[in-house]
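The values are calculated or read from the model by the stated rules, or taken from the named source; none is laboratory data. Model, not experiment: these values are computed from the prediction. When we count neighbours, we look across all protein chains shown, and the Cβ atoms used for this are built from the backbone with ideal geometry, even at glycine.
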Amino acid sequence: MSAHPASATSAPAPRAGLRLPGVGAGLGRGTVGLYLSLIVLLPLAALTAQAFEGGLGTFWDQVTSPLAIASLKLTVVASLIVVVINAIFGTIIAWILVRDDFPGKAAVNAVIDLPFALPTIVASLTLLALYGSDSPFGIDIAFTRTAVVVALLFVTLPFVVRAVQPLLIEMDREMEEAAASLGASGFTIFRRIIFPNLLPGLAAGVALAFARALGEFGSVLIFAGGLPDTQVSSVFIRQQIESGNEVGAAAVSVVLLVASLLLLAVVSLIQRWGNRHERSGGGTGLVGMSLDLGAPRGGARNSEEGDDDGSR
Amino acid sequence: MGVANNSGSRWGLRALGLGYLSLLLLAPLVMIFFKAFEDGLAAPIDAITSPDGLHALKLTLLMVAISVPLNTVFGVGCALLLVRHKWKGNAVIDAIINLPFAISPIVIGLSLFLLYGTDGWFGPVLAEAGIKILFSVPGMVLASIFVSLPFVVRETVPVLQEIGTEQEQAASTLGANAWQTFWRVTLPAIRWGVAYGVVLTTARVLGEFGAVTIVSGSISGQTQTLPLFVEKQFANFNLPGAYGASILLALLALTTLLAMNVLKRKEDA
């Protein structure tokens, strides 16, 4: 973080646009680095250190203890089921929001982001009231693995919808019309023309939803509980903390952390792929959604810049 | 034309999509309000206006009052840095900023717990200085800042890229210094994007549960925010209390949704 003499002056260089007001880039970078280190990096470093405190063997023993393995398995399997359902229903919902027209469509579009705005513990409580022993629908799935899946479906609902929606809006309808006039069936048109164009968005949405599902805690807690066979990894980690096994909690946390890092890398690769796909003229596929895990845009807006700002 | 010109498949898709949304989104939303007022207004209102309930509300607002301004100033500054100052380290900064989105809140809570705990790197030093981080407000603030860190940056970066630098160049050519350019040209141009990020940050801090529950210890009347209060009331079989606090949080969530949609329209206009 050496100071950058050229940018330390208050008069910005011509053609460069606004520099950080009042501070030079070097000082700005130093501040950002310090903030990120204090808030994000140091805690994560402390976590990793704790996980390996007893050496690699202890770490491995903790991660492969029967309860830890069971929780990790449940988390991964439930998350996989959730993203498959998300991929299907997310695409259908995006489709009806873009191509269909019905009364109340604007309200439906607005309410899609509810899971991001509603506190997860409230979601959990409500799901229990809806699909628990007092269910008005007579559906009681509380404290089962199905409840884990339903809770995860709730919190991850917006990801695929918001990733696919802008691509559908941008999509050129001429190709579909040409295919239809040549006699292609609706399903063939979807499979050969629409689906390939949606793929980058769909893949990014699925990866983001998967990351969220792997780490989800609040929405699962009350509805699915912490029974031995409904315990996802985050609930397992909390129980280990409460019973004083910090090394075990940290070890499983590191596994989740590594999974998060891998998924973020995957999303960034998908976005690069989506952008290249677009530039080469191979289609209108454009991953418009930036890395907004918590916040796909309220509407279907397409940011051409994507998320590659960091690389230039 | 294309796929959906067949009215059968159009109705089928509509029924599937809307049916799914009704069961997963609409029903829960209706349920919160129904449950809270099922047995009259007295119980939920009592719960919120109890000393612990009021304290939880105040503490939640305090979290917002500290975390949101910090992350907003950081977010705008960081976005300017990423967009306007090319540097090879930007990719690293960008990657770190996305981390809180992907990491489990429980993992975030545990990380802070270990860093500031009695055996942690910072714990003993701070304890000697008489500074308490865990099981008190500073730790909860750190957790809130961590989980809500990316929103303002992520919402501001695309807007900054979109507005370009021409107006800023004009301002500086006319003799405006960097601060004047920022306040009079840049900030007005990006304000809706920043505001959108602020709304998302606020919603996240209001509702944060996992990370805060680990660092706070969830002590009633001391380190309990509203989401923690909901869980405690539920655990104590005080369901009207849990629903009463939930409805407050749900109303805040609906306000957030409304703000998101209004800001979205302003930004696109």
Subject >> Among (1) assigned to a helix (DSSP H, G or I); (2) touching a residue at least 12 places away in the same chain (Cβ under 8 Å); (3) closer than 12 Å to residue A:223 by Cβ; (4) not aromatic (Phe, Trp, Tyr), the one test that residue A:129 misses >> reply: (2)
Subject >> Considering residues of region A:101-139 that are touching a Gly at 6+ places or on another chain (Cβ under 8 Å) and farther than 26 Å from residue A:225 by Cα only, the residue nearest to the other protein chains (Cβ to nearest Cβ) >> reply: A:110
**OP:** Go through (1) closer than 22 Å to residue B:36 by Cβ; (2) in contact (Cβ under 8 Å) with a residue 60 or more places away in the chain; (3) more than 7 Å from chain A (Cβ to nearest Cβ) one by one and return the number of the condition residue B:258 breaks.
**Re:** (2)
Original post:
Which of (1) more than 9 Å from chain A (Cβ to nearest Cβ); (2) over 30 Å from residue B:29 (Cβ atoms) does residue B:244 not meet, given it meets every other one?
Top reply: (2)
**OP:** For region B:200-234, name all the residues that are more than 9 Å from chain A (Cβ to nearest Cβ), part of a helix (DSSP H, G or I) and within 24 Å of residue B:33 (Cβ to Cβ).
**Re:** B:202, B:205, B:229, B:232, B:233
Original post:
In region B:96-109, how many residues are without any contact (Cβ under 8 Å) to a residue 40 or more places away in the chain and more than 7 Å from every other protein chain (Cβ to nearest Cβ)?
Top reply: 0
Subject >> Residues (at negative phi, buried (at least 19 other Cβ atoms within 10 Å of the Cβ) and away from every other protein chain (no Cβ under 12 Å)) located in region A:142-154 >> reply: A:142, A:147, A:148
**OP:** Filter region B:70-95 for residues that are of a type in the set (A, V, I, L, M) and surrounded by fewer than 20 Cβ atoms within 10 Å (Cβ to Cβ) and give the result.
**Re:** B:70, B:73, B:91, B:92, B:93, B:95
Subject >> Search result, residues across region B:172-197 that are more than 30 Å from residue A:40 (Cβ to Cβ), more than 8 Å from chain A (Cβ to nearest Cβ) and assigned to a helix (DSSP H, G or I) >> reply: B:180, B:184, B:188
**OP:** Report, by residue number, each residue of region B:97-120 that is at pLDDT below 90 and over 16 Å from residue B:142 (Cα atoms).
**Re:** B:118, B:119
Original post:
Taking residue B:49 and the conditions (1) of a type outside the set (D, E, K, R); (2) more than 22 Å from residue B:257 (Cβ to Cβ); (3) surrounded by fewer than 21 Cβ atoms within 10 Å (Cβ to Cβ); (4) in contact with a Ser or Thr (Cβ under 7 Å, 6 or more places away or on another chain), which numbered condition does it fall short on, given that it satisfies the others?
Top reply: (4)
**OP:** Could you tell me whether any residue of region B:119-131 is within 10 Å of another protein chain (Cβ to nearest Cβ), in contact with a Leu (Cβ under 7 Å, 6 or more places away or on another chain) and either aliphatic (A, V, I, L, M) or not in a loop (DSSP other than H, G, I, E, B) (or both)?
**Re:** no
Original post:
Across region B:21-49, what is the number of residues that are more than 15 Å from residue A:128 (Cα to Cα), in a helix (DSSP H, G or I) and either under 26 Å from the mean Cα position of the chain (by Cα) or among the small types (Gly, Ala, Ser) (or both)?
Top reply: 9
**OP:** State which residue is modelled with the highest pLDDT when the search covers only region A:22-39 and only residues that are surrounded by fewer than 17 Cβ atoms within 10 Å (Cβ to Cβ) and over 25 Å from the mean Cα position of the chain (by Cα).
**Re:** A:34
**OP:** Confirm whether residue B:165 is farther than 30 Å from residue A:108 by Cβ, more than 10 Å from chain A (Cβ to nearest Cβ) and more than 15 Å from the chain's Cα centre (by Cα).
**Re:** no
